[in-house]
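> Below you'll find the structure I mean.
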Amino acid sequence: MEESFFEAAGPGRYRSTSATAGPWSPDAQHGGPPSALAARELEYHDPDENMRLARVAIDILRPVPVRELTARTRTLRPGKRVALLETVLESEGQEVLCARGWRIAKLADGPAVPKNTTASSLPSVASQARFPGGHVDGYLSHIEWRLESGNFDVPGPCQAWGRPMIPLLPGEAIAPMAQTLLIADTGSGISRTLDPRQFIFINVDLTVVLQRDPVGDWVRLDAETSMGGSGTGLAETQLSDTTGVIGAAIQTLLVSPR
């Protein structure tokens, strides 16, 4: 098992380890690790303790290779109440992923109106992630999974908990949004409606909105995928921690026969 998803290679430069590899190919990353890396860059760029990263929208411009990545981050819209930042990841001079994040000002005693759902209990038994015909020795084997409802082997809606077994970078605690993105990108995978040996259903984006930061290491995915018959799919995932709902994720899918 790898010791981390990425290794620092210099300012704004990161070596991707084999743990980042996704199920479609050992040479292409799962969307979770590079999305989390981009969110980390957003968190560290001109940090403001009075604001929090509340929404991140990821556009995956092309398959992210399991190679060295460089990151550049800028502030698009500065502000004390809201601020918009952008991180672009490149590989060998080619842009592969773009992330835009909204920072929102914190309220010390802001109103709390939680989503009307019952908090779910963390299952006690670990589950092995499966992806028929896919590469499971990368990302999927470096996340601890606990299946709550549904089945990794049967297409359809699924509820599962996940947490990373290794850090994003060696010796560094993962930031809340990065932690969530690392797991949330799997929503379309666990709620697949097609056999991946016959079809591809690859997400071209990932948007996560967090009304509050997660508590603890675990993120719960309550995911469902629908498809319109025109080559486009939609994966919708409610995100929770052990105390309740924290936000939502949405993914646009490219659907095509293999």
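> Filter the stretch 224-251 down to residues that are aliphatic (A, V, I, L, M) and surrounded by fewer than 18 Cβ atoms within 10 Å (Cβ to Cβ) and give me whichever is modelled with the lowest pLDDT.
Filtering first and then ranking leaves Met227.
> Here's another thing I want to ask about it. Scan the stretch 54-96 residue by residue and report those that are in a strand (DSSP E or B), basic (Lys, Arg) and farther than 19 Å from Thr252 by Cβ.
Arg72, Arg74, Arg77
> OK, next. Find the residue count for the stretch 130-154, including only residues that are among the hydroxyl-bearing types (Ser, Thr, Tyr) and touching a residue at least 24 places away in the same chain (Cβ under 8 Å).
So the count comes out to 2.
> A further question follows. Could you please find all residues in the stretch 182-224 being under 16 Å from Thr252 (Cβ atoms), over 16 Å from the mean Cα position of the chain (by Cα) and of a type in the set (S, T, N, Q)?
Hit for the stretch 182-224 is Thr193, nothing else.
Rundown of residues vs (1) assigned to a loop (DSSP other than H, G, I, E, B); (2) exposed (fewer than 13 other Cβ atoms within 10 Å of the Cβ), yes/no style:
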residue: Val113; (1), (2): yes, yes
residue: Val125; (1), (2): yes, yes
residue: Arg130; (1), (2): yes, no
residue: His135; (1), (2): yes, no
residue: Leu140; (1), (2): no, no
residue: Arg146; (1), (2): no, no
residue: Pro155; (1), (2): yes, no
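> Taking the residues in the stretch 24-53 that are among the hydroxyl-bearing types (Ser, Thr, Tyr) and assigned to a helix (DSSP H, G or I) as candidates, determine which candidate is surrounded by the most Cβ atoms within 10 Å (Cβ to Cβ).
Looking at the filtered set, the residue picked out is Ser35.
The values are calculated or read from the model by the stated rules, or taken from the named source; none is laboratory data. The structure displayed is predicted, hence computed values, not measured ones. Note that each Cβ is placed from the backbone with ideal geometry, even for glycine, and that neighbours are counted across all protein chains shown.
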